Amino acid sequence: MRGALSHLSRMSTTSRHVWPCKVSYRRAMPRLIDSHSHLDAREFDADRAHVLTRATAAGVIAQIVPAITAASWPALSTLCAAQPSLHPAYGLHPMFLAAHEPRHLDALEVLLASGAHGVAVGECGLDYFMPDLDRARQQFFFDAQLALAAQCNLPMIVHARRALDAVLAGLRRHPGLRGVVHSFSGSAQQAAQLWDRGFMLGIGGPVTYGRAQRLRGIVARMPLQYLLLETDSPDQPDSDWRGQRNEPARLPRILEEIAALRGQDPEELAAATRDNACRLFGLSGDLR
Ligand SMILES: [Zn+2]
């Protein structure tokens, strides 16, 4: 956590001389929503409570935790029921295609209708980067989850790797859906097509790397109402945390980078992205 903490302590040291204490605290730690965190992953089994404590201390007031396989749903549901700051999404992730069976779609429909407090359908989508994932089979599960999201009037959390045009084609087949393409990595044209369909972009660790010029340009200029912050913990660590297990407490580093790219006040950016997350996932208004 060296990057974020050194920045925060630098800010608060400076602040103490300039602003009253209360103001410097608020400026040092905006309230944030992590729109994509796999806090249920086994990487956190040994110290999940500490990870949550660090997230809260870093200002992360809520996390959306998307599922990956049907087998993960019960534990995810239990975890989120015990922690009011965690909000589950239920779905079948394309990278775990081998674990999915058509009957899991029926189970998903039952789960979503059961009032299990899922805030979205996901993580689902298409991954054309991994060579061994059968594309037709991915498409089958993605299309079924698009239909379920429409049927249940839920937003979608979409994984799209080298597959944004195919994802956009899927969205065109199901007009009226809303959601987020998490860890967006496409072109400006693809971004604009997503916004036109009411989809947001989830932005996390990759934006902190100087080589991500195209992404940084899009994030610098994109309409604020489509921007969500995410860590994708335990994956996709930011540039100050590379090679390490990512965790939601790193989210202020993402905020800091995007605020600098956009020339925007971090507190304002935090408030806008909280508002976007609350609007998309139907979170309670006191998180805004
Ligand atoms: Zn994910």
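The values are calculated or read from the model by the stated rules, or taken from the named source; none is laboratory data. Model, not experiment: these values are computed from the prediction. Note that each Cβ is placed from the backbone with ideal geometry, even for glycine, and that neighbours are counted across all protein chains shown.
Which condition number does GLY122 fail, the rest of (1) crowded, with 20+ Cβ neighbours inside 10 Å; (2) out of contact with any helix residue (DSSP H, G or I) (no Cβ under 9 Å at 6 or more places or on another chain) being met? Among (1) crowded, with 20+ Cβ neighbours inside 10 Å; (2) out of contact with any helix residue (DSSP H, G or I) (no Cβ under 9 Å at 6 or more places or on another chain), GLY122 violates only (2).
Do we find a residue being without any contact (Cβ under 8 Å) to a residue 40 or more places away in the chain and under 30 Å from PRO84 (Cβ atoms) anywhere in the stretch 124-138? Yes, because at least one residue in the stretch 124-138 is without any contact (Cβ under 8 Å) to a residue 40 or more places away in the chain and under 30 Å from PRO84 (Cβ atoms).
Restricting the first member to the stretch 241-270 and to residues that are within 13 Å of THR231 (Cα to Cα), and the second to residues that are aromatic (Phe, Trp, Tyr), the beta-carbon pairs closer than 9 Å and six or more apart or on different chains are ARG242/TYR209; ARG245/PHE44; GLU247/PHE44; GLU247/TRP241; ARG250/TRP241; ARG253/TRP241.
For the residues GLY176, GLY204, the requirement of being within 19 Å of TYR226 (Cα to Cα) and within 16 Å of the ligand (Cβ to nearest atom) singles out GLY204. Of all the residues in the stretch 176-203, those that are among the small types (Gly, Ala, Ser), crowded, with 20+ Cβ neighbours inside 10 Å and over 20 Å from SER37 (Cα atoms) number 2. Of the numbered conditions (1) within 12 Å of CYS124 (Cβ to Cβ); (2) without any contact (Cβ under 8 Å) to a residue 40 or more places away in the chain; (3) within 16 Å of the ligand (Cβ to nearest atom), VAL158 fails exactly one; give the number of that condition. The number of the failed condition is (2). Looking at this structure, is GLN236 under 28 Å from ARG135 (Cβ atoms), at pLDDT 95 or above and either among the acidic types (Asp, Glu) or in a loop (DSSP other than H, G, I, E, B) (or both)? Judged against the criteria, GLN236 is a match.
The lone criterion from (1) buried (at least 19 other Cβ atoms within 10 Å of the Cβ); (2) within 16 Å of the ligand (Cβ to nearest atom) left unmet by ALA149 is number (2). Tell me, please, whether a residue that is within 16 Å of the ligand (Cβ to nearest atom) and out of contact with any helix residue (DSSP H, G or I) (no Cβ under 7 Å at 6 or more places or on another chain) can be found in the stretch 208-229. Checked against the condition, which is being within 16 Å of the ligand (Cβ to nearest atom) and out of contact with any helix residue (DSSP H, G or I) (no Cβ under 7 Å at 6 or more places or on another chain), the stretch 208-229 yields no hits at all. For the stretch 76-107, the candidate set comprises residues that are of a type in the set (A, V, I, L, M) and away from the ligand (no atom under 16 Å from the Cβ); within that set, the residue that is farthest from PHE141 (Cα to Cα) is ALA82.
Just a yes or no: is a residue in the stretch 204-211 part of a loop (DSSP other than H, G, I, E, B), of a type outside the set (Ser, Thr, Tyr), surrounded by 15 or more Cβ atoms within 10 Å (Cβ to Cβ) and touching a strand residue (DSSP E or B) at 6+ places or on another chain (Cβ under 9 Å)? Yes, there is a match, as at least one residue in the stretch 204-211 is part of a loop (DSSP other than H, G, I, E, B), of a type outside the set (Ser, Thr, Tyr), surrounded by 15 or more Cβ atoms within 10 Å (Cβ to Cβ) and touching a strand residue (DSSP E or B) at 6+ places or on another chain (Cβ under 9 Å). Restricting attention to the stretch 135-143, does a residue exist that is closer than 27 Å to LEU283 by Cβ and modelled with pLDDT of 95 or more? Yes, there is a match, as at least one residue in the stretch 135-143 is closer than 27 Å to LEU283 by Cβ and modelled with pLDDT of 95 or more. Scanning the stretch 239-262 for residues that are assigned to a loop (DSSP other than H, G, I, E, B), in contact with a helix residue (DSSP H, G or I) (Cβ under 8 Å, 6 or more places away or on another chain) and not charged (D, E, K, R) turns up SER239, TRP241, ASN246.
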